[in-house]
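The values are calculated or read from the model by the stated rules, or taken from the named source; none is laboratory data. Predicted model only: the values in this text are computed from it and were never measured. Heads up, the Cβs are rebuilt from the backbone with ideal geometry, glycines too, and the neighbour counts pull from every protein chain shown. In case anyone asks, the SASA skips ligands and DNA or RNA and just uses the protein heavy atoms, side chains included. Shrake-Rupley method; radii C 1.70, N 1.55, O 1.52, S 1.80 Å.
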Amino acid sequence: MLQLRTMQEMASCELPLDAKVYVRSLKKEEVLKDGLMIIVQDLLLLAISNGLKVGTYDARWRVLILYVTRIFDLDLNIVDNFELQVVNCLSNFLPAQTEQEQADAARRNNISKTKRFAMIGLASVGGGILIGLTGGLAAPLIGSGLASVLGSSAIFGAIGTIGGSAVIGSLFGVAGASLTGYKMHKRVGDIEEFQFHKLSTDTETGDVHLHITIVISGWLSDERESSYIQPWEYLRDSPEQYYLRYESSYLLELGKAMDYFLSFAVSVAVQESLKYTVLSGLMAAIAWPAGILGLSSVIDNPWGVCCRRSAQVGKQLADTLLTHSHGNRPVTLIGYSLGARVIYYCLREMSQREKCHGIVQNAILIGTPCTRNSSEWNKITQVVAGRVVNAYCRSDWLLKFLYRTLSMQANGVAGLEAVQSSNDRIENIDLTSIVSGHFDYPQKLSEILMFIGINVDESAKLKHQIISTQSMPEGMCEKLNINNHFDNMKKSKSEIDLAIMSKNNEGQ
């Protein structure tokens, strides 16, 4: 009775709202002697069965569940495990309860009061933040019991009571929500290619999951499918992951232009006895070298084309998500370079539509070539239930060059600087210590994702020791003989800037 009274006092804010104190009180409860995972499991079932719509797993609910799991100091992987249990029992279509499950239902009455105060305490400990962050979805938990179940066997009974087939149809869609079968019924703009392909996770978890991840690359280095897959091969954000294949011919043309442009830029640096890793010194120059400016048409045109098309692809992706082609499940979006631009325009489009909330859980934008206007970014934060990440590199000389003639008004480019926001929802992450420029993103993506806090395969750590620390393809390093000069060049930054300016004056 002492613990119960303590929870009531905490709910009334009569005690300091310390999460650790609250969790310790919960652990003393007899019905929770086996751990607090029961509450997390019940929240998941409540989200699916008693949410805004039966059979809808709202992204805000998943953010709430992960938040509670963190407060309880539990491994976040247990959420994935519980979700897989639900998927497995849904696939078995078991609407009827066994005698054991009926006995479990009776036993629930004995613990409902404790769990009711657990939910009240959670809202109190968060000081209202819990409800705010989840768009009010935590409100129904206040002052109400959790008519839910315990144990894996009882999950079947709980799902059965709300109609297994109906839930499946809502959660995963009529066709099982496999995005690989998605077809565009209405094209946005001049889009020529827009397809989802499965991204392997090397895990045996079935074809569908309660949470999916969609990744979007920025450009292509060759025509092989591996050009889409390789940057993401170590990503383990969800058991069900897809990559978006879009406008491949244009992305390939851009990739070739970027390689050629980089090769020429490096040769200019070599002529000036500059090592490649300080090519970012170009950003500090008063004027761009005349030789590089003379080659600008090689990259400006394909870059401009891909920028326009990526914005259209973003709007198409918004249509796909808003029509729930993936079912009613949370989606995490991750992209780099133009792929991040796709996500930006997707979220911006969604923010202008009705019923746009509760679909996107997290949005991770890396090296985004778009404005850092705070009002525009604030709009997209209203669409995303969880994290909105702007990962940027201050030394990205290529992005600086590509936007050299665009003022972007007074806001700057998101891929180069932090985005200022009044609502503190945007996570600005500086990647300058990991990458030295735009070309690094696909090569060092696993390391970047780990730095941001996205799950990757453990073997990625070994891979990081093998990846070259230079910002260009290894073959190009050999061709330009950069490696042999790398350790012998000792010029200071001031000498580098003077050399660049001198080269520019000669060109004029």
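Computed quantities for the displayed model
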quantity	calculated
Region 328-404: proportion of alpha-carbon pairs further apart than 19 angstrom, %	33
Surface accessible to a 1.4 Å probe, ASP75 within the full protein complex, Å²	90
Equivalent ellipsoid dimensions for region 303-358 as semi-axes, Å, which come from the Cα gyration tensor, largest first	21, 11, 9
Surface accessible to a 1.4 Å probe, PHE82 within the full protein complex, Å²	30
Exposure of LYS444 as accessible area (Å², to 10), given a probe of 1.4 Å and all protein chains	20
GLU354, GLU233, ranked by accessible area, largest first (probe 1.4 Å)	GLU354, GLU233
Heavy-atom accessible area order for TRP219, TRP232, largest first, 1.4 Å probe	TRP219, TRP232
Cut-off 10 Å between beta-carbons: net charge of the residues surrounding THR332, Lys and Arg +1, Asp and Glu -1	+1
Above-threshold pairs, the threshold being 19 Å between Cα atoms, out of LYS379/LYS444; LYS198/LYS315; LYS315/LYS379	LYS379/LYS444; LYS198/LYS315
VAL435, VAL208, reordered so the largest accessible area comes first (probe 1.4 Å)	VAL208, VAL435
Cα shape, region 421-463, gyration tensor, a/c 1.5 rule	oblate
